[in-house]
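Notes for the one structure printed next.
The values are calculated or read from the model by the stated rules, or taken from the named source; none is laboratory data. Because the structure is predicted, anything quoted here is derived from the model rather than measured. Every residue, glycine as well, gets a Cβ built from its backbone with ideal geometry; the counts of neighbours run over all protein chains shown.
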Amino acid sequence: MGKKGGSTFQKRLNTPGFWKVPKKHDKYITKPSPGPHKSKECFTLTYIMRDHLKLATTAKEVRAILHEGKVKVDGKPIKDHRYPAGLMDVIEIPDIEKIYRILPDNAYYRKLVEISKDAEFKLCKVKNKTTLKKGTIQLNLHDGRNILVPVKDPIKPDEDVYKVNDVIKIDVLTQEIKKHVKFEKGKLAIVTAGVNNGRMGKIVDITKRFGPNADTVTLDDEGSTFDTSLDFVMVLGDKKPIIEFPV
């Protein structure tokens, strides 16, 4: 019988550059499971616990820790050592009273940053939206979540205030929307990919194009302006982020 399913490991030489692991220490490393974040844009829990935080020495030890429910991602215990944790995810380790958030980093693409508050909240970018039966609006977010927004009158949906590229602040356990930040000029934003990954600035212009050329956004970073793809921009708030955002 032929082999079913993909491989659960990958060569260290093929790991993303922001995984700070010795490429020649061993041949293989744990491969991310299919999930809410792309494999080239995430950390596995094995990497976080063993290679980054040094809370375990082997993958077997990581699996034992996770099996006991001692690591939470976005408020929920995760037992898959290959789970892909990505942009804006909150990693909580109650036994050592530490909480981390994954943020963009200009040097290493993604970084794990310790936070002291707002662990119960998360910023999510609206990637798409669809209309379901009875006019209910479904928001499709960057981390794979789908949030339903009930509508009283489908003909005049006053609740339809969310647009693609907007950002919402949600409670990670209840998925309740706490705040809404529109994608528009004057907002504070951060770049989440590309050569300017990790840079923050105020949106000064939004250029939309027809055809193969990508839409672009111009940001002002303390007097220095730069352009980036619209897909790479995530708004954070008006003058400051609406959650704790260490830089």
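Some observations on this one:
- Only one of the numbered conditions (1) out of contact with any Phe, Trp or Tyr (no Cβ under 9 Å at 6 or more places or on another chain); (2) buried (at least 20 other Cβ atoms within 10 Å of the Cβ) is violated by P94, and that is (2).
- Residue match in region 39-49 (condition: within 28 Å of M200 (Cβ to Cβ), among the basic types (K, R) and buried (at least 17 other Cβ atoms within 10 Å of the Cβ)): no
- Screening the candidates M49, M88 for the property of being closer than 23 Å to P246 by Cα, at pLDDT 95 or above and assigned to a loop (DSSP other than H, G, I, E, B) yields one hit, M88.
- Within region 10-35, the set of residues being touching a residue at least 24 places away in the same chain (Cβ under 8 Å), crowded, with 16+ Cβ neighbours inside 10 Å and either of a type in the set (V, I, T) or in contact with a Leu (Cβ under 9 Å, 6 or more places away or on another chain) (or both) comprises just one member, T30.
- Selected residue (criterion: nearest to D51 (Cα to Cα)) from residues of region 93-142 that are more than 19 Å from the chain's Cα centre (by Cα) and among the β-branched types (V, I, T): I96
- Note on region 182-201: among residues that are in contact with a helix residue (DSSP H, G or I) (Cβ under 9 Å, 6 or more places away or on another chain) and more than 20 Å from K240 (Cα to Cα), the one that is surrounded by the most Cβ atoms within 10 Å (Cβ to Cβ) is A193.
- Meets criteria (on the phi < 0 side of the Ramachandran plot, among the charged types (D, E, K, R) and touching a residue at least 40 places away in the same chain (Cβ under 8 Å)) for K133: no
- Residue check for V204: surrounded by fewer than 18 Cβ atoms within 10 Å (Cβ to Cβ) and either in contact with a Gly (Cβ under 6 Å, 6 or more places away or on another chain) or assigned to a loop (DSSP other than H, G, I, E, B) (or both): no
- Selection count where residues are in contact with an Asp or Glu (Cβ under 7 Å, 6 or more places away or on another chain) and in a strand (DSSP E or B), scope region 111-128: 5
- Annotation note: Cβ proximity below 8 Å between a residue of region 50-73 that is in contact (Cβ under 8 Å) with a residue 60 or more places away in the chain and within 19 Å of V113 (Cα to Cα) and a residue that is basic (K, R) and surrounded by fewer than 18 Cβ atoms within 10 Å (Cβ to Cβ) (sequence gap 6+ or interchain) occurs for H52/K20.
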